[in-house]
Every structure is written in structure tokens, then in C-alpha cells.
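Below is one structure, written out as C-alpha cells; comments come after it.
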Amino acid sequence: MTGQSMRSIASRHGVSKDAIGRHRAHISPALARLVAEREEAGPASALQRLESLYGKASAVLDAAQSEGKAQLSLSAIRELRGLVETLAKITGELDERPTTNVVNLQSSGEWHQLRTVVLEELAPYPEVQQRVAGRLLALVAEQRGLAS
């Protein structure tokens, strides 16, 4: 069915070619159809595989709870939590990308007051006052460039 020789399958699984032949003869037609359908359908998407795992983990949780198996219930819950998180990332419901917030200081009254106080306090030191004023102007120009 997969195009591989019985000899290569036998060597891969450590059995004889004849054993593979006997096994092949006993495979039910329904199983053969299922395998063929899966091969035709191609690989499932990551989302489909995750949803399938979620269904299986939910079934394990339901069975564990009905049988009163607390440890197994907790294990199933942990798995489900991980699956839900992964599903949320894939579907975009959970976005963990960092965000950047730009704050425009130059338009706030507090910024103007602070700038005035700093420059007034530096008046006795004209050289430092000029350097600080130049740096502040550069920051304002840079901020205007970001806002554009």
C-alpha cells in the first residue's frame, strides 16, 4: 500500500518477509480502506491534530472523573490546559508578542514644566545648560520623527 517492499518492511521491524506476507493477508479490508483514505487525504493540519488530541484528553478526563481517579484527572487537566493554550496561539486568541507604546512627552504640560525647571537650575552652569538643552531638542526632534 505504501509502495515499500515486504523485504524492507520486514528488515525495519526485525521479522521475516514471510511474516509480513502472513500479516498482510490478515489485514481487514476496512482497515485497508481507512489507511488508503488517510493517505489520500494527506497529513492533517496542526489545528486538526490539536483538536483531535483535545478530544482524546477530554475523554480521558471524563473517564477519570467518573471513576474517581484524582491523579489521572489532574494529569488530563494539565494536558488540556496546554492544548487550549496552543490552540489559542494558533487561532490568534492568545497573542504574546511584545507591544510598544509611544508616549508623546513634548505635548504634556508636565514636560514643559520639567524642562523649564531643569534649564533654570542649570543657569549657573551655562556650558552644561547648553548641552542639556541640545539633548532635549534632539529628543523632541526624534520623537517628532517617530510620530510622523
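The values are calculated or read from the model by the stated rules, or taken from the named source; none is laboratory data. Predicted, not measured: the structure shown is a model, and the values here were computed from it. Cβ placement follows ideal geometry from the backbone for every residue including glycine, while neighbour counts extend to all protein chains displayed.
Just a few scattered comments:
- Identity of the residue in the stretch 36-51, modelled with pLDDT of 75 or more and of a type outside the set (D, E, K, R), that ends up surrounded by the most Cβ atoms within 10 Å (Cβ to Cβ): Leu50
- Selection of first residues in the stretch 1-26 that are surrounded by 13 or more Cβ atoms within 10 Å (Cβ to Cβ) and of second residues that are modelled with pLDDT of 85 or more and of a type in the set (Val, Ile, Thr), restricted to Cβ pairs under 9 Å at least 6 apart or on distinct chains, gives the following pairs, ordered by first then second residue: Ile9/Val15; His23/Val15.
- Exclusive hit being in contact (Cβ under 8 Å) with a residue 24 or more places away in the chain, in contact with a helix residue (DSSP H, G or I) (Cβ under 9 Å, 6 or more places away or on another chain) and exposed (fewer than 13 other Cβ atoms within 10 Å of the Cβ), set Thr91, Thr86: Thr91
- Among the candidates Val132, Val140, residue that is modelled with pLDDT of 85 or more, part of a helix (DSSP H, G or I), β-branched (Val, Ile, Thr) and not assigned by TED's automatic domain parsing to the domain that holds Leu50: Val132
- If the condition is being exposed (fewer than 13 other Cβ atoms within 10 Å of the Cβ) and in a helix (DSSP H, G or I), then the stretch 94-122 contributes Ser107, Gly109, Glu110, His112, Gln113, Thr116, Val117, Glu120, Glu121.
- Among the residues of the stretch 44-64, the ones that are in contact with a helix residue (DSSP H, G or I) (Cβ under 7 Å, 6 or more places away or on another chain) and under 14 Å from Leu80 (Cα atoms) come to 8 in all.
- Scanning the stretch 119-127 for any residue that is among the hydroxyl-bearing types (Ser, Thr, Tyr) and within 30 Å of Gly3 (Cβ to Cβ) turns up nothing.
- Test: Val102 is more than 30 Å from Gln143 (Cα to Cα) and among the β-branched types (Val, Ile, Thr): no
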